[in-house]
Amino acid sequence: MQKQIEIIKANGERQIFLPAKLHDSLIKARATPVVAENIVLHVEKELKDGMTTKDIYRHAFEILERKLKPVAVRYSLRKAVMDLGPSGFPFEKFVAEIFKAKGFKTQTDIEMLGECVPHEIDVVAWNENKLIIVEAKFHNVLGIKSDLKIALYIKARFDDLADNIFDYGKKRNIDESWLVTNTKFSEQAITYAECKKMTLIGWNYPKKRNLQDLIEDAGLHPITCLRSISGAEKQMLLSAGVVLCKSVEEDPQLAVDVGIHLEKVKEMVKEINLIQ
């Protein structure tokens with residue numbers, strides 16, 4: 001029987017390495033079963049007790065990039081979302097784009113008056129049927145979870161706003177409050193939110209229609225996932241409000257306007273066409 005290897009998660013916890021978990025993440029990024037199996041076997045040969053999940057991810061990514069670059073980009077999606085930081089504001093815009101892709105109109109970073117006090121709201125999304133307020137909780141460290149205190153805070157905010165009438169498309173009350181994060185939720189936060197009928201969206205919660213699923217289903221890859229431009233060039237685009245790859249695909253002049261050379265922009269568009 002093969003010896004079980006303990007690895008260290010981003011939050012410092014130790015767990016047994018599960019080859020199936022790595023295999024499933026590669027398949028989800030659209031690697032073929034053969035490629036995924038080969039990468040898992042390669043990683044297993046070099047595993048040692050005490051290796052971090054970050055080390056394993058980096059090694060798998062390097063192999064995947066050599067074999068299938070577009071798949072490698074999708075596999076690195078979680079890191080790309082984290083690279084939207086550190087301010088968190090690009091993440092708010094990114095969440096708004098997810099709602100737009102689902103047919104909603106949106107506003108970001110606005111103030112709404114509650115019964116007792118005004119509240120800063122990250123994203124407001126509305127269509128004919130629903131008015132939704134969203135807290136976009138961004139973490140730039142993988143091991144950090146959105147906990148019960150955050151869920152309680154969002155529920156208190158919703159309760160203060162619940163009876164007021166707002167003019168978004170038509171005069172109405174808020175229908176739903178969402179908490180969206182790029183990492184995970186604590187078990188207590190999930191239990192409380194389910195009890196109070198709050199919507200939580202995290203990287204892998206719920207099991208279906210989580211943040212990763214929403215991004216991939218809508219083709220909303222962040223500009224930070226591209227390998228053809230430097231970190232400085234990504235920041236130039238983010239500072240100009242260009243958060244999505246599809247924005248550059250539809251209008252390459254956006255990248256030229258921030259100072260990226262035309263030839264580099266052409267490389268960007270080629271890469272975007274591969275992954276969209």
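Things worth noting here:
- Placing unit charges on each Cβ (+1 for Lys and Arg, -1 for Asp and Glu) gives the chain a dipole about its Cα centre, and among 95, 15, 174 the Cα reaching farthest toward its positive end belongs to 15.
- Straightening the chain between residue 172 and residue 208 buys 10.0 nm, computed as 0.36 nm per residue apart minus the Cα-Cα spacing.
- Kirkwood Rh, angstrom, region 222-275 [1 / mean 1/r, Cα pairs]: 10.6 Å
- Of 79/184; 155/196; 184/246; 28/264; 130/184; 93/246, pairs whose Cα-Cα distance is over 18 Å: 184/246; 28/264; 130/184
- Less than 5 angstrom separates the built amide H of residue 52 from those of 8, all sequence-distant by 5 or more or on a different chain.
- Computed [θ] at 222 nm, helices only, for the chain once each DSSP H run of length n ≥ 4 contributes -39500 (n - 2.57): -13500 deg cm²/dmol
- Residue-wise HN-Hα coupling along region 107-121, computed from phi with Karplus coefficients 6.51, -1.76, 1.60 (Hz; x: Gly, Pro): 9, 10, 6, 10, 10, 10, 8, x, 5, 9, 9, x, 10, 7, 10
- Partners of residue 21 within straight-line reach, counting aspartates and glutamates whose Cα lies under 12 Å from its Cα and excluding those fewer than 8 residues away in the same chain: 37.
- Among 41, 77, 22: highest mean-square fluctuation, GNM of the chain, C-alpha pairs under 10 Å: 41
- Phi-based couplings in Hz for region 128-141 (Karplus 6.51, -1.76, 1.60; Gly and Pro marked x): 5, 9, 9, 10, 10, 10, 10, 9, 9, 9, 9, 10, 9, 10
- Ignoring aspartates and glutamates fewer than eight residues from residue 270 along the same chain, the ones with Cα atoms less than 19 angstrom from its Cα are 65, 216, 233, 249, 250, 251, 257.
- Here the simple spin-label model places points 7 Å from the Cα toward Cβ, and for residue 113 and residue 52 these points are separated by 4.9 nm.
- Length, then width, then depth: along the principal axes, the Cα atoms of region 140-234 run 49, 36, 26 Å.
- Per-residue extension of 0.36 nm, minus the Cα-Cα distance of residue 164 and residue 263, leaves a gain of 30.4 nm for this segment.
Readers should treat all values here as calculations from the given coordinates under stated rules, not as data from a laboratory. Since this is a predicted model, take the numbers as computed values, not measurements. Note that each Cβ is placed from the backbone with ideal geometry, even for glycine, and that neighbours are counted across all protein chains shown.
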